[in-house]
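Student: Provided herewith is a single structure, encoded as structure tokens, for subsequent inquiry.
Where a number appears in this text, it was derived from the coordinates with a stated rule and is not lab data. From a predicted model like this one, the values you see are computed outputs, not experimental measurements. Here the Cβ positions follow ideal geometry from the backbone for every residue, glycine too, while neighbour counts run over all protein chains shown.
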Amino acid sequence: MKKGLLIILSGPSGVGKNCVRQEIMKDNKLNLVYSISMTTREKRDREVDGKDYYFVSDEEFEKNIKAGNFLEWANFVGHKYGTPKDRVEELRNQGKNVFLEIEINGARQVMESVKDDRVISIFLMPPSFKALENRIRKRQTESEEVIQERLQKGLKEMTMTDNYDHIVINDKITNAAQEIVDLIKAKLKKR
Ligand code: 5GP
């Protein structure tokens with residue numbers, strides 16, 4: 001059996017990675033599984049532990065770093081986020097295509113450490129910085145201070161996209177999702 005793809009989706013906070021991913025995952029034929037990350041950030045109201053993230057303490061996260069349990073991990077605006085390694089390997093070995101939604105430092109670690117050619121990396125761009133700001137504000141999940149930090153971080157991230165295979169602009173969720181579905185399908189066709 002062919003090893004499953006490892007799909008990396010990055011993009012600034014507020015760009016709509018989550019919505020685009022959910023649209024992509026509607027396509028059952030793609031055989032996609034979302035990799036649930038571990039984070040030390042507080043849970044937002046609508047989030048579910050074990051579905052959106054595994055919400056853990058700093059101590060728990062540190063233990064996992066020390067045990068070598070992460071494929072990658074990074075600090076993002078005051079909190080840690082990481083991808084549990086074993087599950088990704090297990091799923092890929094079962095032929096499933098694993099979807100990672102991670103920021104750029106983690107993405108770089110994955111691109112450097114995963115040596116097979118079944119990796120595809122995509123950076124999702126907002127149509128403009130103003131659009132990003134509007135989106136992150138509309139979400140109403142962060143304080144003004146955190147919004148500012150995330151926007152600054154996003155600005156920097158948008159200049160560091162050279163190592164991605166593809167850049168997709170999220171002008172409209174369904175369009176961006178379709179573009180990514182087509183990229184995944186094209187990659188799946190390659191031997
Ligand atoms: P949020 O707090 O908005 O859910 O996530 C903040 C940022 O961390 C987003 O860019 C998100 O994609 C990224 N992120 C989520 N999970 C992981 C992970 O496991 N590793 C890394 N490196 N970034 C992650």
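Student: Tell me, in nm to one decimal, what length is gained between K43 and I167 on full extension, where the rule is 0.36 nm per residue of separation less the Cα-Cα distance?
Tutor: 41.7 nm
Student: Show that you can apply the helix-only estimate: for the chain, add -39,500 (n - 2.57) for every DSSP H stretch of four or more residues, divide by all residues, and state [θ] at 222 nm to the nearest 500.
Tutor: So the helix-based figure for the chain works out to -12500 deg cm²/dmol.
Student: Given a cut-off of 19 Å, name the pairs among K66/K153; K63/K156; K26/K51; K26/K85 whose C-alpha atoms lie farther apart than that in the structure shown.
Tutor: The pairs that break the limit, which is 19 Å between Cα atoms, are K66/K153; K63/K156; K26/K85.
Student: Once a ≥ b ≥ c are taken as the square roots of the eigenvalues of the Cα gyration tensor of the range 114-180, is the result rounded (a/c under 1.5), prolate (a/b larger than b/c) or oblate (a/b not larger than b/c)?
Tutor: The shape class here is prolate.
Student: So, one more: How far is the Cα center of the range 55-78 from the Cα center of the range 98-128, in Å?
Tutor: The range 55-78 and the range 98-128 have Cα centres spaced 18 Å from each other.
Student: Of I7, I65, how do they rank once you tally other Cβ atoms within 10 Å and put the fewest first?
Tutor: Starting with the residue having the fewest Cβ neighbours, the order is I65, I7.
Student: Determine the shape class of the chain: with a ≥ b ≥ c the square roots of the Cα gyration tensor eigenvalues, call it rounded for a/c under 1.5, and otherwise prolate if a/b is greater than b/c, oblate otherwise.
Tutor: The shape class here is oblate.
Student: Roughly what % of DSSP beta bridges within the range 6-190 run antiparallel, to the nearest 5?
Tutor: 30 percent
Student: Here's another thing I want to ask about it. Calculate, in nm to one decimal, what K3 and L155 gain on full extension: separation in residues at 0.36 nm each, minus their alpha carbon distance.
Tutor: 51.2 nm
Student: Which FRET efficiency, nearest 0.05, do N28 and E89 yield, Cβ-Cβ r, R0 22 Å?
Tutor: My answer for the efficiency is 0.45.
Student: Here's another thing I want to ask about it. For the chain, set up a Gaussian network in which alpha carbons nearer than 10 Å are linked by springs, and say which option among E179, E72, E112 fluctuates the most.
Tutor: E112
Student: May I ask you to list the aspartates and glutamates whose Cα is less than 13 Å away from that of K130, ignoring any residue fewer than eight positions away on the same chain?
Tutor: Result set, ordered by chain and number: D171.
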